[in-house]
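Read the figures in this text as sums done on the coordinates, not as results from a lab. Note that the structure is a prediction, hence the values are computed from the model and not measured. Cβ sites come from the backbone with ideal geometry, for glycine too, and all protein chains shown count toward neighbours.
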Amino acid sequence: MKESAFERKCVKLLQKLPNSYWPPKGAPGAILGSADRTGCVSGRYISLEFKKNFKEVIKKTKRSALQHYTIECVRKAGGVAMFIYPENWDVMHVFLKGLSNANK
């Protein structure tokens with residue numbers, strides 16, 4: 001499955017989470033290193049970088065190094081940032097569901 005198709009499928013499910021907001025995606029490639037999707041779940045900033053598979057996460061490129069750095073910065077600032085790919089989607093979706101229900 002292409003990364004863009006995987007992302008669209010996931011975002012449809014994320015938009016159904018209670019206590020969450022997922023704004024429309026900005027212009028592609030607008031800011032180098034910015035996440036594919038950002039949102040808010042129960043007051044927490046969420047930054048998601050979608051990949052078509054785990055191999056894409058561990059690739060060593062300048063772009064991937066910047067993505068890893070950005071995720072680290074968001075986490076240090078108290079946000080939730082993660083790579084999302086088919087192999088971890090179920091676990092990450094359960095985590096975000098739990099976060100969305102935390103304030104109920």
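Stretching LYS25 away from CYS40 to a fully extended chain increases their span by 4.0 nm, per 0.36 nm per residue minus the current alpha-carbon distance.
When Rg and the Kirkwood radius Rh are both evaluated on Cα atoms of segment 29-71, their ratio Rg/Rh stands at 1.00. Here the mean projected area of the convex hull built on the C-alpha positions of segment 49-99 is 3.6 nm².
State the extension gain, in nm to one decimal, for the chain segment bounded by LYS52 and LYS16, taking 0.36 nm per residue of separation less the distance between their alpha-carbons.
10.7 nm
Phi angles of segment 83-99 translate, via the Karplus equation with coefficients 6.51, -1.76, 1.60 and θ = phi - 60°, into HN-Hα couplings of 7, 10, 8, x, 5, 10, 4, 4, 5, 5, 5, 4, 4, 5, 4, x, 5 Hz per residue; Gly and Pro are given as x. With bins 5 Å wide beginning at 0, the percent of Cα pairs of the chain falling in each bin runs 2, 12, 23, 27, 21, 11, 3, 1, 0. For segment 11-18, 3J(HN,Hα) computed residue by residue from phi via the Karplus equation (6.51, -1.76, 1.60; θ = phi - 60°) reads 5, 4, 6, 4, 5, 8, 5, x Hz, glycine and proline entered as x. Modelled this way, with points 7 Å down the Cα-to-C-beta line, the labels at GLU72 and ASN88 are 1.5 nm from one another. Over 29 Å apart at the Cα level, from the set LYS55/LYS76; LYS16/LYS76; LYS25/LYS60; LYS16/LYS60; LYS62/LYS97; LYS16/LYS59, are LYS16/LYS60; LYS62/LYS97; LYS16/LYS59. Counting every other Cβ atom within 10 Å of each residue's Cβ, VAL41, VAL94 order from fewest to most as VAL94, VAL41.
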